[in-house]
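Just so it is clear, none of the values below were taken in a lab; they were calculated from the coordinates. In this text, all values refer to a predicted model and were calculated from it rather than measured experimentally. Reconstructed Cβ throughout: ideal geometry from the backbone, glycine too, with neighbour counts over all protein chains shown.
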Amino acid sequence: MKRVAITTLGCKVNQFESAAFASAFEARGCQLVPFQAEADIYVINTCTVTARAGQQSRQLIRRAFTRHSHARIFVTGCYAQMDPQGVLALGEYPLAIVGNGNKHRLVDAALSENPPDLIMLMGRIRDNRSICDLPVTRFRGRTRAYLRIQDGCDNFCSYCIVPYTRGPSRSLTVSRVLEQAAVFAEQGYRELVITGINVGKYGLDLDENETIYTLLDRLCRDFPQLRLRLSSIEPAEVNDSLLNLINRHTNFMPHLHIPLQSGDDQVLARMNRRYTRAGFAEVIHRVRAALPTAAIGCDVLGGFPGETEAEADNTHRLLEELPISYLHVFPYSRRPGTLAATMPRHLPGPVKEARVQRLRDLDQQKRRAMYAQGLDRVHRVLVERRHGATGLLQGFSENYIPLLFAGGTGLIHTVVPVRLTAIEDDQVKGILVDDWVEEKRQNR
Ligand code: SF4
């Protein structure tokens with residue numbers, strides 16, 4: 001029996017794809033072991049979205065080469081796609097480099113009889129016209145599963161390497177999406193996170209007359225027992241169809257993550273983001289009016305090349321004013337091969353760090369305000385695990401508030417009503433509603 005160790009960096013799409021590798025290896029009789037353990041095959045699913053992710057990818061590959069020189073090393077993912085020569089330079093054979101367009105061939109190549117010492121499954125990713133078929137049997141130990149419905153992007157935002165590493169937008173057919181959702185439902189998962197690189201473009205490359213909106217509607221109707229959450233959607237794709245869907249289906253979680261990146265029109269233009277500050281604000285106000293208690297998250301990039309203090313202030317001020325629940329803040333990271341990498345006036349590290357820190361402080365304020373709004377309300381929490389430090393149960397509300405509360409282990413993997421009772425040192429505490437009723441009765 002072959003032992004296989006898989007490690008994954010980066011986004012939810014990579015995590016879904018690694019789960020597909022794990023499913024296929026297990027189906028072929030292999031044993032999955034932790035990445036630190038002895039194995040016959042090591043798979044490193046890399047990322048290159050930032051310089052740091054690229055560096056971590058190289059470290060993991062080097063570590064696999066030095067600690068497990070007898071094993072077969074398979075390197076795939078965005079770093080492998082971008083810089084296969086860099087991977088070759090890191091170590092010795094036996095080695096396989098599998099581009100993002102060939103991920104469906106990885107397991108066969110790894111288990112083939114007498115494979116050559118060097119396997120290169122690459123190819124021009126921009127020529128790919130269909131998404132790799134990568135079925136997943138299960139996500140290990142998770143209550144929530146990611147369902148990848150789409151890959152690739154055609155937007156070419158000037159800072160982003162993803163269109164070069166993942167190719168054009170390609171969608172999974174509706175029947176394959178439904179099959180995958182049915183597998184997760186059968187396995188007993190309680191929540192699916194609908195994932196892709198640019199999910200709003202779902203279906204546009206297919207002849208099926210489907211869009212992200214018709215697909216989500218179908219998933220909500222066909223799987224009423226599952227909670228559905230959308231990972232991220234571009235502002236231009238947030239429309240009344242989407243907001244009506246969320247209002248209509250109780251199993252579609254009231255939570256939207258909408259990337260902003262900058263709140264300054266000049267910076268947005270240099271980023272090749274196709275909306276304005278005013279247009280983005282209008283989208284957020286429309287969401288808030290339609291979904292008063294929804295979580296609205298935003299991505300924002302600090303320290304884009306040439307960003308002035310005034311431009312950074314514009315972003316900060318816009319985010320301060322908008323009814324947003326939380327921010328994901330990233331420092332701009334120079335990615336060779338992108339347009340922004342060639343732009344003048346890259347900012348020194350300390351300037352970027354200061355801007356990022358200011359935005360992260362704002363994120364903390366926003367989160368606390370969202371939690372405070374939920375105080376004394378009952379939330380339907382999907383219980384995921386026990387929290388290490390406190391031993392309390394831990395789970396997320398429908399609008400993505402992370403709650404801790406006392407309860408029995410049998411509640412893990414179920415949805416329970418929890419009243420939000422306290423916010424302590426950024427921990428959000430609650431009490432199971434039955435317990436809360438009992439406590440009130442005793443204190444009367
Ligand atoms: S929309 Fe822009 S930021 Fe997102 S993956 Fe496509 S190019 Fe990158």
Roughly speaking, what is the centre-to-centre gap between the stretch 176-244 and the stretch 336-410 when only Cα atoms are used, to the nearest Å? 24 Å
Distance in nm between LEU118 and ARG221 label points, each 7 Å along Cα→Cβ, equals 5.4 nm
Report the one residue of PHE16, ILE125, ASN251 whose Cα lies farthest in the direction of the positive end of the charge dipole of the chain (charges on C-beta: Lys and Arg +1, Asp and Glu -1; origin at the Cα centre). PHE16
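For the ranges 68-76, 234-242, what's the packing order if you count other beta-carbon atoms within 10 Å of each residue, average per peptide, and put the highest first?
Working: 68-76: 19.8, 234-242: 16.7.
The most tightly packed comes first, giving 68-76, 234-242.
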When the helix-only estimate is applied to the chain (DSSP H runs of n ≥ 4, each -39,500 (n - 2.57), divided by the residue count), what is the mean residue ellipticity at 222 nm, nearest 500 deg cm²/dmol? -11000 deg cm²/dmol
What nm value, rounded to one decimal, do you get for the distance between LEU178 and ALA389 when each label is placed 7 Å out toward the C-beta? 4.6 nm
Spatial separation of Cα centroids for the stretch 26-104 and the stretch 293-311, in angstrom: 33 Å
Taking every DSSP bridge whose two residues both lie in the chain, the antiparallel percent to the nearest 5 is 30 percent
Based on the mean of other beta carbon atoms within 10 Å per residue, what is the order of 282-292, 152-162, most packed first? 152-162, 282-292
Taking LEU301, LEU226 and counting other beta carbon atoms within 10 angstrom, the fewest-first order is LEU226, LEU301
Which net charge results for the neighbourhood of ASP426, defined as the other residues with beta-carbon distances under 10 angstrom from its beta-carbon, given Lys and Arg at +1 and Asp and Glu at -1? 0
Enumerate the calculated ³J(HN,Hα) couplings along the stretch 23-31 in order (Karplus 6.51 cos²θ - 1.76 cosθ + 1.60, θ = phi - 60°), each rounded to whole Hz, writing x wherever the residue is Gly or Pro. 4, 5, 5, 5, 5, 8, x, 7, 9
Under the Karplus curve 6.51 cos²θ - 1.76 cosθ + 1.60, θ = phi - 60°, whole-Hz ³J(HN,Hα) for the stretch 75-80, x wherever Gly or Pro sits: 10, 9, x, 5, 5, 4
Once phi is turned into ³J(HN,Hα) by the Karplus curve 6.51 cos²θ - 1.76 cosθ + 1.60 with θ = phi - 60°, what whole-Hz value does each residue of the stretch 324-338 show in order, with x for glycine and proline? 9, 8, 7, 10, 10, 10, 10, x, 4, 10, 5, 10, x, x, 9
Please give, to one decimal in nm, the separation of the simple spin-label points placed at LEU411 and ILE423, each 7 Å out from Cα toward the Cβ. 2.2 nm
Given a cut-off of 19 Å, what percent of all Cα-Cα pairs of the stretch 3-123 lie beyond it? 38 percent
The chain - charge dipole about Cα centre, Lys and Arg +1 at Cβ, Asp and Glu -1, debye rounded to 20: 540 debye
Listed highest first by mean packing, meaning other Cβ atoms within 10 Å per residue, what order do 98-106, 5-13 come in? 98-106, 5-13
Lys and Arg at +1, Asp and Glu at -1: add these up for the other residues within a Cβ distance under 11 Å of VAL49 and post the number. +3
With +1 on each Lys and Arg Cβ and -1 on each Asp and Glu Cβ, and nothing else charged, work out how big the dipole of the stretch 125-253 is about its Cα centre, in Debye to the nearest 20. 620 debye
DSSP-defined antiparallel bridges as percent of all bridges, the stretch 376-443, nearest 5: 90 percent
Around PHE65: net Lys/Arg minus Asp/Glu count, Cβ-Cβ under 14 Å: +3
